[in-house]
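What follows is a single structure, written as structure tokens, with notes after it.
The values are calculated or read from the model by the stated rules, or taken from the named source; none is laboratory data. It should be emphasised that the depicted structure is a prediction, and the values quoted were computed from it without experimental measurement. FYI the Cβ positions are ideal-geometry reconstructions off the backbone, even for glycines, and counts take in every protein chain you see. Each accessible area value is taken on the protein alone, full model and side chains, heavy atoms only, with ligands, DNA and RNA left out. Shrake-Rupley method; radii C 1.70, N 1.55, O 1.52, S 1.80 Å.
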Amino acid sequence: MDDDLADDIRDYAESDMYYPKRYKVRPRVYFIIIKTEAETMLDFKQKKALRPAPVENRDHAAPMLVRLNEEREGWYEGALDFKRVVLIPSTGKHEYRDTHFVAQCKAVSGMECYSRIVDYLRTRVDGRSQFPSAKGKNFKFKFLGYCK
């Protein structure tokens, strides 16, 4: 144990983070520190010192699927990262390229915004292009406002 390790352990003990801290001793051998508010080892094993999850505001707490299907007619901005098939003129071969596409459209929900964007792109890019799921991390949307 050296001074850097001791300082790191002290910083961890004084911080408000409760995730386990792992230190590598040698290959496949680790020293793990677990911070808890349990009084005894038995309380820790029976999970009697669990901390309540922090309450966040509605936008972050709502599951993505609920926000995706929530009906609010108006303008949406959708951003989609997808794999586009493009021709390389020098070789005559095709390759996948990561492509970022952003569009604003009128829709009833985030899901309809996704559908409109994908339908638009399907008519304008190679049919072998790959589009992500609306529920994944490669599609983001935000409600811009109500239409008149």
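Among residues of region 89-111 being in contact (Cβ under 8 Å) with a residue 40 or more places away in the chain and not polar (S, T, N, Q), the one that is least open to solvent (accessible area, probe 1.4 Å) is Gly110. Of everything in region 23-48 that is of a type in the set (D, E, K, R) and in a loop (DSSP other than H, G, I, E, B), the residue that is most open to solvent (accessible area, probe 1.4 Å) is Arg28. In this structure, Tyr12 qualifies as farther than 30 Å from Lys106 by Cα, at pLDDT 85 or above, of a type in the set (Ser, Thr, Tyr) and assigned to a helix (DSSP H, G or I). Restricting attention to region 3-22 and to residues that are farther than 20 Å from Lys47 by Cα and among the acidic types (Asp, Glu), the residue that is least open to solvent (accessible area, probe 1.4 Å) turns out to be Asp8. Being touching a Phe, Trp or Tyr at 6+ places or on another chain (Cβ under 9 Å), closer than 14 Å to Leu80 by Cβ and part of a strand (DSSP E or B) is the filter here, so list the residues in region 99-148 that pass it. Listed by number, the residues that qualify are Thr99, His100, Phe101, Ala103, Gln104, Cys105, Ala107, Gln130, Phe139, Phe141, Lys142.
State whether one or more residues within region 47-66 are more than 30 Å from Asp2 (Cα to Cα), at pLDDT below 95 and among the acidic types (Asp, Glu). Checking region 47-66: at least one residue is more than 30 Å from Asp2 (Cα to Cα), at pLDDT below 95 and among the acidic types (Asp, Glu).
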